[in-house]
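Read the structure below first, then the notes.
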Amino acid sequence: MDALIVKIAEQSGLKHMLSFLKLRKKTPLILSAEKHGMNKGYVEKGVLDIMNRLRRGGFEAYLVGGCVRDILLGKKPKDFDVVTDARPNQIKRLYRRCYLIGRRFRLAHVYISRDRFVEVSTFRAVIDTEPGQENGFAENNIFGTMDQDVLRRDFTVNSLYFNSADSSLVDYTGGLRDIRKKILRSIGDPERRYREDPVRMIRAARFSAQLSFSLSRQDLKAALACAPLIAEANSSRLLEELYKILRCSASARTFVNLNHFHLLKHWLPELASDKQLNRLVPRLEVLDRLRAREVEIPNFMLITAAFYDLFRDAIYENTDAPVFQDAFVLLGQRFTPLMVRLRVPRKDWDRIRNMVSRVPAFTGSRSSKRWKSFEKRFLRNSHFEDALNLFEIIVEATGENSRDLQYWKQRFSEVKRSHHARERVPAAGVDADGTGTTDD
Ligand code: ATP
Ligand code: MG
């Protein structure tokens, strides 16, 4: 039957259908632990317990996606995804602390500790869509089997299934070979996969930077052809991808890739010139170093790190010594439309403007008569610490103004120390909090 369909597809020139059918025809490679060499020691006990319970309930359970890929690369996975043939309600019945989420496609969060959960989802199949109709990855799928589930996944290296029962690895797509060769390759016809969900191109830029993999030649060609489609993608998904990039410890290289794949000019055209990139990359390298040390960086700071040059240029456009109020108003006028387009929450944008407008004060003259009283209020302002953290990133990226940074860090630690000392003596009754929002 399959042979007949393949023949018809060949004759009618349906190239993409053909590549899917060829995959579907394939029986998977099942590799034993000695053959794939994956270290099960990286899988947390809580995760193994969840899988055992599924199996005791009569269901299949596999680890899939980024966690399998990362373990094969010898890295500690950041989270674990389990797939099973159990339906959401059947999953729920097996665990005490299990919550079903999602409206159309429900999946389970099973808690392994107070604040950590494992995502357990049911195998899914994809309903075929016309190219150009973005499926948002989760929109057009129904429950299915493992050999259908594999076809909806993005890259071969993300499509390996690890069976903890016998430690075997199920490989339908040649993912293990691609991991060994360090190649990132779409499952099926790359152009079709990118048209179906253009966000995959951004994921390709990130994964190749993060894993030091090269994109397959066909994928690169397809990405270059499909790059303009990114402009139509869903803005909330794009914002989530932007945060993922800025947190992945390889954001500088991801941006270089995004530019190379021509995605940047269609997604974030404000950052796409060589001039902007040359200034941006050193700042991203600072973020990457912080993330490599697992420092948490909030979303509003990530957005600021990405767009700081635009903000700075605007603030300094007509003056060498910007004043807080003017800078605050100007940022609002100039960049609110950009933040609305990116879907940055209003509360984050307010915090960004408050922070960025205070940075010029760090390098301004400290000799005026009114300086002392300004400095006191500035140091106690609720946005001071944000601004100092941003200034530190900028100083580290540019190598300029490090004396100013030392000065302010020193002053701030003194204020904090005296604040703590006063807190320990309640009778002192001093209001140490100068919490103006937009004033110093
Ligand atoms: P990361 O380390 O960034 O979490 P990941 O591979 O685990 O990498 P997730 O976004 O957590 O990425 O997605 C989990 C899995 O779901 C992927 O490995 C992939 O198989 C699949 N997936 C995620 N997004 C898409 C998409 N847009 N199209 C197809 N498959 C996807
Ligand atoms: Mg993941």
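What follows draws every value from the coordinates through simple rules; no lab data is involved. The structure displayed is predicted, hence computed values, not measured ones. Every residue, glycine among them, receives a Cβ derived from its backbone with ideal geometry; neighbour counts consider all protein chains shown.
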In the structure shown, of Lys182/Lys244; Lys182/Lys265; Lys92/Lys182, the pairs separated by more than 31 angstrom at the C-alpha atoms are Lys92/Lys182
For the stretch 266-326, which GluC sites (Glu not before Pro) pass both filters: DSSP loop (anything but H, G, I, E, B) and at most 13 other C-beta atoms within 10 Å?
Glu294, Glu296, Glu317
With point charges of +1 on the Cβ of Lys and Arg and -1 on the Cβ of Asp and Glu, referenced to the Cα centre of the stretch 222-289, which listed residue (Asn234, His266, Pro282) lies farthest in the positive direction of the dipole?
Pro282
Under 20 °C and 1.002 mPa s, how fast does the stretch 299-428 diffuse according to Stokes-Einstein, given a Kirkwood radius computed over C-alpha pairs? Answer in µm²/s, whole number.
135
Inter-probe distance in nm under a simple model that places probes 7 Å from Cα toward Cβ, at Thr398 and Phe374
1.8
What does the C-alpha gyration tensor say about the overall shape of the stretch 199-273? Classify as rounded when a/c is under 1.5, otherwise prolate if a/b is larger than b/c, or oblate.
rounded
The answer for trypsin sites (Lys or Arg not before Pro) in the stretch 26-68 that fall in a DSSP coil and have at most 16 neighbouring Cβ atoms within 10 Å is Lys26
Could you work out the relative contact order of the chain, using alpha carbon pairs under 8 angstrom and six or more residues apart, expressed as a whole percent?
10
At 222 nm, what helix-only mean residue ellipticity would the chain give, in deg cm²/dmol to the nearest 500, using -39500 (n - 2.57) for each DSSP H run of four or more?
-16500 deg cm²/dmol
The orientation-averaged projected area of the Cα convex hull of the chain, in nm², is 26.0
Taking R0 as 51 Å, what's the FRET efficiency between Arg106 and Arg411 from their Cβ-Cβ distance, rounded to 0.05?
0.45
16 Å reach of a label modelled at Arg93, 7 Å along Cα-to-Cβ, counting backbone N of the stretch 26-68
53-60
